[in-house]
Each structure stands twice: as structure tokens, then as C-alpha cells.
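The values are calculated or read from the model by the stated rules, or taken from the named source; none is laboratory data. Computed from a prediction, not measured in an experiment: that's the story for all the values here. Here the Cβ positions follow ideal geometry from the backbone for every residue, glycine too, while neighbour counts run over all protein chains shown.
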Amino acid sequence: MSEYKVRDIRLAEQGRRQLEWAELHMPALMEIRRRFESEKPLKGIKISAVLHVTKETGALVRTLMAGGAEVSLAGSNPLSTQDDVAAALAEEGVRVFAWKGETVKEYWQNIREILKVKPDIVMDDGADLHALIHESYPDLRPLGGTEETTTGVLRLKAMEEQGVLRYPVIAVNNAFTKYLFDNRIGTGQSTVDGILRATNLLIAGKIAVVAGYGWVGRGIAWRLRGMGARVIVTEVSPLRALEAVMDGFDVMPMTRAAEIGDLFVTATGNTKVIRADHFLKMKDGAVLANAGHFNVEIDVEGLERLAVSKRNVRPYLDEYVLPNGRRLYLLAEGRLVNLAAAEGHPSEVMDLSFSNQALSVEYLVKKGEELERKVYNVPQEIDEQVAWLKLRGMGIEIDQMTEEQKEYVKQWRYGT
Ligand code: ADE
């Protein structure tokens, strides 16, 4: 067994059962694993990954190992690690440095631990690993990297624009088979799941305010509406605001929404979207949750400064009393509620995201030397292959174009 640091290695058996349960619902990734087992495309490759250490990530890590890789793993958020999964992976030879409830200092120490192996490939969710390598490891030049999430891709594009990116990175987030399902459907469901587990409140009849109408915000707004909430959307983009209006949501500035919302969910990727002037306008009992990658969207420090008292009510639910006597309830310390208070996206969705990850890693190993120091989209062939694998796994067949149809879509002469 290799070195590791996890909460409790005795949780390994429970973790193995969780992994089995996830894998049962990840047919595309399992098909990739079977091919990796026979072809060993990652033989001798050292991979360091900063990902939420969940049962689905465990299924991905096992797949990379089946391909011949040696994997080191750290968590992508101090609150998102599933300790039983971390223990199971440690027993299977993964260098895991992750536990639920890490301090911020431990979080960074764990990322440094996984860089000790001098990885060939780095995988990240949020770009903390990529940023750390660029800032503090000038001699480390991996063949390439992947990035799982919108926030991370934005950071990497900024690095590319500033001319500092040192290796090619595949933006897994930008695959159709990733963002359309993971960001929208996965976050939609798992965010509601986190809110329900933390509060056990009724969604029906509530006024829910969703900040941001990107793929994640869209997913959350639609799910909350589906459960009977009256949903208000706040936006800064006129295009997205218009889309939200035409999708039938109320759209207004946060200053007005603050006065009427019962439940607030942030999904903007930006900072201090809900802040002091908003807190002071909120109703007694308002619930605040964040679904964005970083804990910056709700100004928690501002809330701490403003509050006259704070107490924990139940797991992942803190009460803040404001000077005006009203009580606000913050979920999961303002960290991503779906992974902190629940288990992240369901396995069926992560099947798509992590099939893209596995195939992107294989692509980097094959083609990394030829690539420039840029952020690349997932090649179209991989995106389509993932869709095929998933459809096959779900037992769904689709039509194929006839020869006549193939010719028809290429021509421009025949109209009406
Ligand atoms: N991000 C969101 N849900 C996740 C999950 N279940 N596993 C890993 N990363 C995630």
C-alpha cells in the first residue's frame, strides 16, 4: 500500500460498497475501463488529481489505474471528501490525501503532497492545482492537464491570455456531454438534495431566488420550480436575463429579490453576489445556499461581521442573528452545498463527465507533446464517443442518416 492520509482507514469496506454502487450506474466509464484494462494506454503515467473525493471520482481513479496509471489524489474542497471512499482508494494503492473537514491549511498541504510525485498529467476541478503549479513549482512541466469546471476554465483562460500557461489543458467542462448534463441536470438535482438534507424544509410554496442563469443556475431554477417554488432569477447578463424571462421566471435585481425571497441560491461564479446590504433587507428565517465552486458568492465574512450572534442549528446549518433581530440561515458555511451537505451529482451524470476525463487523459498521453500551451476543448470525437457509450449503456438506439440524407445535408442548390 502506498502512503496516504485519510480520516479512518477502517472505513474502506464501506467505501468499496459505495464504489460498487456508483459503478453500477456508470456504464460508459465501465466500458472505457474494460478497454483500458486490455490496452493499458496510461502505462507508467503518473497522474495527480485534485477532485472532489466522491464515489464517482473513485470510479474514475480505478479506471485510470486500470489503464496503467499511478494516481495521487487530493480533495477539491475542504468539505467534499467522502471519507469511506478515500479509505477504500488508499487501500487500493492510490496516494490519497483528503478528508472531510480539512482546514484551509490542510487543503493546500494535501495538494502539495500529491505534487511530490512530479506528475506527467494533472487533473483539476477549480484550477487551484494548476494555479499552485504555476506559482510555486517553476520546474514542474507536466505533459498536460484537464479541468473539470467552469470556474477553473475561466482561470486557465486568464493564464493563457497572460501568456503564463506552461502546459496544454483540456477543458473537460466545455464538452457538450459535460456541461449540458453535469452543470445543468447534475447541479440542479444535487443542489436541491443538499438544501433538503441540510434543512428538511418544503420547497413548494417558497419564493426561491437563484443568482445566475448559466447552465448551473438554469438547472437549479427549473428543479426548484418543478418542486413548486416560485422562482426569481437575478442576472448581470442581458442575454441570460432575457432567456430567464422567456423561460417564465421573474427577473429583478438582488436588492429587490432580497426583500421577498425565502431561499437564496448563488450560482454565478462571481464574488459577493449576496452581501451586507442584501442581508439587512432579508426576511426573518431566509435560507442562504451556494452552488458555485468557491465560497465567495455569499459574503460570509461580511455576514460574520454584521451578525450579533451565531450558532449551529443542525449539520450544515448555521443561524446568524442580525442587528435588526432577523435570523438568517447559512448552509454549509457558504461552500458548495451539493457536495458539502449532500453527495454531489448522482453517478449517472458523473458517468458522462468522468468518461470525458478518462478519454481526455488518454488523448493527452497520446498527443500532449504535439499540443501548444493552450486551453483546448475536448475533441469532438471524444464528446460524441461519450454520448454513444452512454446511449449504449442506457440501451437506447437512434436513427442513422440514409445515403440520400447524407448527400442532402451537404448540398445548397435545392430549397423549396
Ligand atoms: N462534482 C459534482 N458532483 C461530483 C461528484 N459526485 N463527484 C465528483 N465531483 C463532483
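Quick notes
- All helices (runs of 4 or more DSSP H) inside the stretch 236-344 with 3 or more residues being within 16 Å of the ligand (Cβ to nearest atom), within 27 Å of the chain's Cα centre (by Cα) and surrounded by 19 or more Cβ atoms within 10 Å (Cβ to Cβ): 337-340
- Residues satisfying the stated conditions in the stretch 128-156, i.e. more than 13 Å from ASN173 (Cα to Cα) and among the β-branched types (Val, Ile, Thr): ILE133
Residue by residue, here is whether (1) closer than 28 Å to GLY15 by Cβ; (2) under 18 Å from the mean Cα position of the chain (by Cα); (3) modelled with pLDDT under 95 holds:
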residue: ALA88; (1), (2), (3): yes, no, no
residue: ALA98; (1), (2), (3): yes, yes, no
residue: GLN109; (1), (2), (3): yes, no, no
residue: GLU113; (1), (2), (3): yes, no, no
residue: LYS116; (1), (2), (3): yes, no, no
residue: LEU129; (1), (2), (3): yes, yes, no
residue: ARG141; (1), (2), (3): no, no, yes
residue: THR146; (1), (2), (3): yes, yes, no
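- Exactly one residue out of LEU19, LEU29, LEU11 is crowded, with 18+ Cβ neighbours inside 10 Å, in contact with a Phe, Trp or Tyr (Cβ under 9 Å, 6 or more places away or on another chain) and not acidic (Asp, Glu), and it is LEU29.
- Qualifying residue in the stretch 44-56 (condition: out of contact with any strand residue (DSSP E or B) (no Cβ under 8 Å at 6 or more places or on another chain), closer than 17 Å to MET350 by Cα and part of a helix (DSSP H, G or I)): yes
- Restricted to the stretch 166-194, and to residues there that are hydrophobic (A, V, I, L, M, F, W, C), in contact with a strand residue (DSSP E or B) (Cβ under 8 Å, 6 or more places away or on another chain) and not in a loop (DSSP other than H, G, I, E, B), the residue that is nearest to TYR137 (Cα to Cα) is VAL169.
- Test set (1) within 15 Å of the ligand (Cβ to nearest atom); (2) touching a helix residue (DSSP H, G or I) at 6+ places or on another chain (Cβ under 8 Å); (3) more than 11 Å from ASP120 (Cα to Cα) - THR81 fails condition number: (2)
- Enumeration of residues in the stretch 172-216 that are crowded, with 23+ Cβ neighbours inside 10 Å, over 13 Å from the mean Cα position of the chain (by Cα) and of a type outside the set (Ser, Thr, Tyr): ALA175, VAL192, GLY194, ILE195, ALA198, ALA208, VAL209, VAL210, ALA211, GLY212
- Residue selected from the stretch 345-382 under the condition in a helix (DSSP H, G or I), more than 11 Å from the ligand (Cβ to nearest atom) and of a type in the set (D, E, K, R), by the criterion surrounded by the most Cβ atoms within 10 Å (Cβ to Cβ): GLU362
- Some residue of the stretch 190-212 being without any contact (Cβ under 8 Å) to a residue 40 or more places away in the chain and in contact with a Phe, Trp or Tyr (Cβ under 9 Å, 6 or more places away or on another chain): no
- Exclusive hit being within 16 Å of the ligand (Cβ to nearest atom), crowded, with 19+ Cβ neighbours inside 10 Å, touching a residue at least 40 places away in the same chain (Cβ under 8 Å) and under 18 Å from ALA342 (Cβ atoms), set LEU89, LEU51, LEU60: LEU51
- Qualifying residues in the stretch 388-416 (those that are part of a helix (DSSP H, G or I) and touching a residue at least 60 places away in the same chain (Cβ under 8 Å)) - the one farthest from the chain's Cα centre (by Cα): ARG392
- GLY68 meets the conditions (1) surrounded by 20 or more Cβ atoms within 10 Å (Cβ to Cβ); (2) outside any helix (DSSP H, G or I); (3) without any contact (Cβ under 8 Å) to a residue 40 or more places away in the chain in every case but one. The failed one is (1).
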